[in-house]
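Colleague: Encoded as structure tokens, here's the structure I'll be asking about.
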Amino acid sequence: MNIATEPKLSGKPFTDKPHKRPVRMVRWFIIVGTLLALLAGGLVWFNYFRGKMIAQFFASMKPPPTSVNVATAKSEIIPNLLTAVGDLAAVHQVNVTSDVNGRITDIQFKAGASVKAGTPLVQLFDGPEQGDLANFKAQQRVAQISLERAKQLAERQVGPQATVDNAQAVFDQASAGIAKTEAIISQKLVRAPFDGELGVRKVEVGQYLTAGTQIVSLTDLSVLFANFTVTEKDSGQLKVGQIVRIAVDAYPGRTFEGKITTIEPQIATETRNIRVQATIQNPDKILKPGMFATTTVVLPDKPPVVTVPETAVDYTLYGDSVYLVSEKKEEDGKTSLTVTRTFVQTGNRIEGRAEILKGLKDGDRVVAVGQLKLQSGSAVTVSNDPVPPIPAKPPRY
């Protein structure tokens, strides 16, 4: 038998049999795959369960309501005021000086005293002028006698008219000399030009005083000017006669009232401001020229506006806002209070209250104190503690 030609014979030995995977190994792979699938499913279920429990925990652990002070927005007419800064100036203030040169022989005032107009202050040496005055008076008497005699002769047609004219001229010259000398003598006696308060004396007896040298300052404190400037935009609201209130650092909490008396007819091109002057009565003489003053012009009232305490407004770079308090009904039927940040448009701030031009209406409740602890949606409770007063303005140095 030819093995090569036998069709049913393959070239393999008769001892080789087909290789089969053991049943035990297949079972092992099935068990491992099942365990891995169970482990992966358990991890997925654990992550899902953990997230759900965490969310449920935080949902049940709400922070306690924040205690805040609540204020009610109300519609009211507030004073329409225009505030500016300025200074005080005296209506009458001079440095008393002498018109002529001379040596001081007498000082007739005390520093800081109140004087009336015409009160003698300083006497300069006037001996030569007094001698000239006596001389001119003597000449005047002689000239008057000669003039009367010439007139009598002329009336009887004994003397010529030319003699009368010459006598009249001599008399007039003597009178002019008297008037001039008396004027010089009056200049040697320095007097107060008006009623006022004297300052510090700056001369001494025996000092040679040249014309124009300051002797003492004289200030009338009964009436003062308050000079201030306002912007071009606000100038249209000003009129002569409007009331102006003045506040100075020397007397905190006290105001002084006056009226606008002068408005500059032109606006400064450099600053676009207009200068305004008010007159302030100072009967107690406690205001002094040169004081820094905060001026407030009382303008006609505006229509009513919604206002809230100034502490209720949160001023930020992103805009002004308030926390609006609203009631919320819980699932158990109880009512709680929550806050919502509401942006508003503010106006002026006057006496601790702020104008709300847009964003609130009359009757809305807002948080007045305690905003730093809040965010939109926070729960709050109303505190019974009184709202703290507005702090005083810091001092200016």
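The values are calculated or read from the model by the stated rules, or taken from the named source; none is laboratory data. None of the values given here were measured: they were computed from a predicted structure. No Cβ is skipped: glycine too gets one built from the backbone with ideal geometry, and neighbour counts run over all protein chains shown. For accessibility, only protein heavy atoms count, side chains too; no ligands or nucleic acids. Shrake-Rupley method; radii C 1.70, N 1.55, O 1.52, S 1.80 Å.
Colleague: List, please: which pairs have Cβ atoms under 7 Å, are six or more places apart or on different chains, and start with a residue in the range 115-129 that is at negative phi and among the basic types (Lys, Arg) and end with one that is open to solvent by 30 Å² or more (accessible area, probe 1.4 Å) and outside any strand (DSSP E or B)?
Modeller: Going by the 7 Å Cβ cut-off, the qualifying pairs are LYS116/ASP195.
Colleague: Grab the strands (runs of 3 or more DSSP E) fully contained in the range 280-328, keeping just those with 2 or more residues being over 24 Å from LEU198 (Cβ atoms), among the hydrophobic types (A, V, I, L, M, F, W, C) and in contact (Cβ under 8 Å) with a residue 40 or more places away in the chain. I'd like the intermediate steps shown before the answer.
Modeller: Details: elements: 292-299, 305-309, 314-316.
Qualifying strands (runs of 3 or more DSSP E): 292-299, 305-309.
Colleague: Anything in the range 235-252 that is of a type in the set (A, V, I, L, M) and open to solvent by 30 Å² or more (accessible area, probe 1.4 Å)? List them, or say none.
Modeller: At the first step, the residues of the range 235-252 found to be of a type in the set (A, V, I, L, M) are 238, 240, 243-244, 246-248, 250.
Of everything in the range 235-252, those that are of a type in the set (A, V, I, L, M) and open to solvent by 30 Å² or more (accessible area, probe 1.4 Å) turn out to be VAL240, ILE243, ALA247, ALA250.
Colleague: If GLN237 satisfies every condition in (1) at pLDDT 90 or above; (2) in contact with a strand residue (DSSP E or B) (Cβ under 6 Å, 6 or more places away or on another chain); (3) of a type outside the set (A, V, I, L, M, F, W, C) but one, which is the exception?
Modeller: (1)
Colleague: Please enumerate the residues belonging to the range 176-221 that are crowded, with 16+ Cβ neighbours inside 10 Å, hydroxyl-bearing (Ser, Thr, Tyr) and not in a helix (DSSP H, G or I).
Modeller: SER217, THR219
Colleague: Report every pair of residues separated by at least 6 positions or lying on different chains whose Cβ atoms are under 7 Å apart, first residue within the range 172-183 and more than 20 Å from GLU148 (Cα to Cα), second of a type in the set (Asp, Glu) and open to solvent by 60 Å² or more (accessible area, probe 1.4 Å).
Modeller: Listed by first residue and then by second, the contacts come to THR181/ASP132.
Colleague: Look at ARG365 and say whether it is in contact (Cβ under 8 Å) with a residue 24 or more places away in the chain, surrounded by 15 or more Cβ atoms within 10 Å (Cβ to Cβ) and over 27 Å from the mean Cα position of the chain (by Cα).
Modeller: Working: in contact (Cβ under 8 Å) with a residue 24 or more places away in the chain: yes; surrounded by 15 or more Cβ atoms within 10 Å (Cβ to Cβ): yes; over 27 Å from the mean Cα position of the chain (by Cα): yes.
Here the answer is yes, as ARG365 does meet what is asked.
Colleague: Can you name the residue in the range 283-334 that is closer than 18 Å to PHE228 by Cα and not β-branched (Val, Ile, Thr) and, of all such residues, is surrounded by the most Cβ atoms within 10 Å (Cβ to Cβ)? It would help to see each step written out before you state the result.
Modeller: Our first condition is that a residue be closer than 18 Å to PHE228 by Cα; within the range 283-334, this holds for 287-299.
Filter again for not β-branched (Val, Ile, Thr), leaving 287-293, 299.
Values: LEU287: 21, LYS288: 15, PRO289: 16, GLY290: 9, MET291: 18, PHE292: 13, ALA293: 23, LEU299: 16.
Here the residue is ALA293.
Colleague: In addition: Count, please, the residues in the range 60-104 that happen to be over 30 Å from PRO304 (Cα atoms), of a type in the set (Ser, Thr, Tyr) and open to solvent by 60 Å² or more (accessible area, probe 1.4 Å).
Modeller: Going through the range 60-104 one residue at a time, the tally reaches 2.
Colleague: Now for a separate question. Quick check on VAL44: is it β-branched (Val, Ile, Thr), modelled with pLDDT of 80 or more and in a strand (DSSP E or B)? Please lay out each step first, then the result.
Modeller: Details: β-branched (Val, Ile, Thr): yes; modelled with pLDDT of 80 or more: yes; in a strand (DSSP E or B): no.
Criteria not met by VAL44.
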